[in-house]
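For reference, the structure discussed in these notes is given below.
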Ligand SMILES: Nc1nc2c(ncn2[C@@H]2O[C@H](COP(=O)(O)OP(=O)(O)O)[C@@H](O)[C@H]2O)c(=O)[nH]1
Ligand SMILES: [Mg+2]
């Protein structure tokens, strides 16, 4: 236990010093399925919570191939030029299956990953215990504690992870490209309604006019939608990650968004709501861990059954002992069977 305390303190120190290697290791700790690691993760997060929050959290979604990674790399340059540190967390529901998209992202963000003021992390969603993007919240807090002032969470717009991401960011950006017409390029309609801004990207070369036409379509569509609970009126813009056109405007929109929501108090309210939702979700997750996933529990259960069967132990006492075994397994760090 003492060495684990010591290790937690090392993590804490490294993160607060902005050490990217320690930060990456701490995120790996969060993702560990060992319960021992999970209690250490709990401890670490708890010591860092007071150092988190000083950032703008931006969710970026859009269909595969729409240009999210390219956009983020160009956008990150603007952020870095403005003197801020940026962390990019990619949630990739497909990466475990194909392995290809991680490679693609890495290649495209190669320049960015070399910059010491940037931190890039791809989480294959398949490894998460409690569903897509389970550990993204933890990663956001750790990055904030490490001094990253802009946090970008990239997710593929296939419908699995957007709602989860929307519930952990301040600002939600949807990327689309020209030629969508009425059908939404495989994007669920609800996602359009969640967007704080829609950017029609790849607005360069011959694509400028089609992009503007799509912009007008979306402006019209959004006009028909209800105002957001935040009071913010969603914007529709065009941009190009290749030429950089429109990117400073998007940065301005995000700043304006934050300013407006800070002034109404919605910014804080929203974050508080997200925190309590996380609390409830994690409690439900802990309750959902099947006790029989632990070897120790199933083994003890078999032994206790024999005692009960032979009338050597009361059924009530056996049940209580089995519960104790379960609690000990949770605390002691036994690995799940599965
Ligand atoms: N012309 C043009 N092509 C782009 C732009 N952004 C991305 N692309 C191209 O679109 C393809 C998919 O981009 P990528 O960033 O990997 O998309 P993601 O799957 O959404 O992350 C790549 O071949 C990019 O070079 C842009 O602004 N203009
Ligand atoms: Mg990508």
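GNM, the chain, Cα, under 10 Å: largest mean-square fluctuation among 292, 316, 12?
316
For a quick check: sort 117, 273 by the number of other beta carbons within 10 angstrom, fewest at the front.
Ascending number of Cβ neighbours within 10 Å: 273, 117.
If one takes the longest principal axis of the Cα atoms in the chain, at what angle in degrees, from 0 to 90 and to the nearest 10, does the Cα axis of helix 315-332 lie?
50 degrees
What's the exposure ranking of 233, 15, going from fewest to most Cβ atoms within 10 Å?
Least to most surrounded, the residues fall as 233, 15.
If you average the sequence gap of Cα pairs under 8 Å that are 6 or more apart and divide by the length of the chain, what percent do you get for the contact order?
So the answer I get is 19 percent.
For region 164-261, what does the convex hull of the Cα positions come to per residue, in cubic angstrom? Could the numbers behind the result be given before it?
Numbers: hull volume 9.6 nm³, N = 98.
It is 98 Å³ per residue.
Would you please give the FRET efficiency between residue 19 and residue 273, computed as 1/(1 + (r/R0)^6) with r the Cβ-Cβ distance and R0 = 35 Å, to the nearest 0.05?
E(calc), rounded to 0.05, equals 0.65.
Just need log10 I(q)/I(0) for region 220-322 at q = 0.14, 0.23 Å⁻¹, Debye formula, equal scatterers on the alpha-carbon atoms, no solvent, rounded to two decimals.
With no solvent term, the Cα-only Debye profile gives -0.78, -1.14.
Put a dot 7 Å past each Cα toward the Cβ at residue 302 and residue 81; how far apart are the dots in nm?
That separation, rounded to one decimal, is 6.6 nm.
Kindly provide the Kirkwood hydrodynamic radius of the chain in Å, to one decimal, from all pairs of distinct alpha carbon atoms. Provide the component values of the computation, followed by the final result.
On the way: mean 1/r = 0.0457 Å⁻¹.
Its Kirkwood hydrodynamic radius stands at 21.9 Å.
Between 0 and 90 degrees, rounded to the nearest ten: what's the tilt of helix 295-309 against the longest Cα principal axis of the chain?
Computed tilt is about 40 degrees.
With r defined as the distance between the Cβ atoms of residue 10 and residue 282 and R0 fixed at 30 Å, what FRET efficiency is calculated, to the nearest 0.05?
0.75
Testing the spin-label approximation: label points 7 Å from Cα along Cα→Cβ at residue 242 and residue 315. State their distance in nm.
7.4 nm
I'd like the FRET efficiency for residue 323 and residue 228, computed as 1/(1 + (r/R0)^6) with the beta carbon distance as r and R0 of 30 Å, rounded to 0.05. Could you put the intermediate results ahead of the total?
On the way: r = 46 Å, r/R0 = 1.53.
Efficiency at R0 = 30 Å is approximately 0.05.
Divide by every residue of the chain the summed helix terms, -39500 (n - 2.57) for each DSSP H run of at least 4, and state the resulting mean residue ellipticity at 222 nm, rounded to the nearest 500 deg cm²/dmol.
Value at 222 nm, helices only, nearest 500: -17000 deg cm²/dmol.
Laboratory data are not the source of any read-out in this text; all were calculated from the coordinates shown. Keep in mind that what you see is a predicted model, and the values were worked out from it rather than measured. Here the Cβ is made from the backbone with ideal geometry for all residues, glycine too, and neighbour counts use every protein chain on show.
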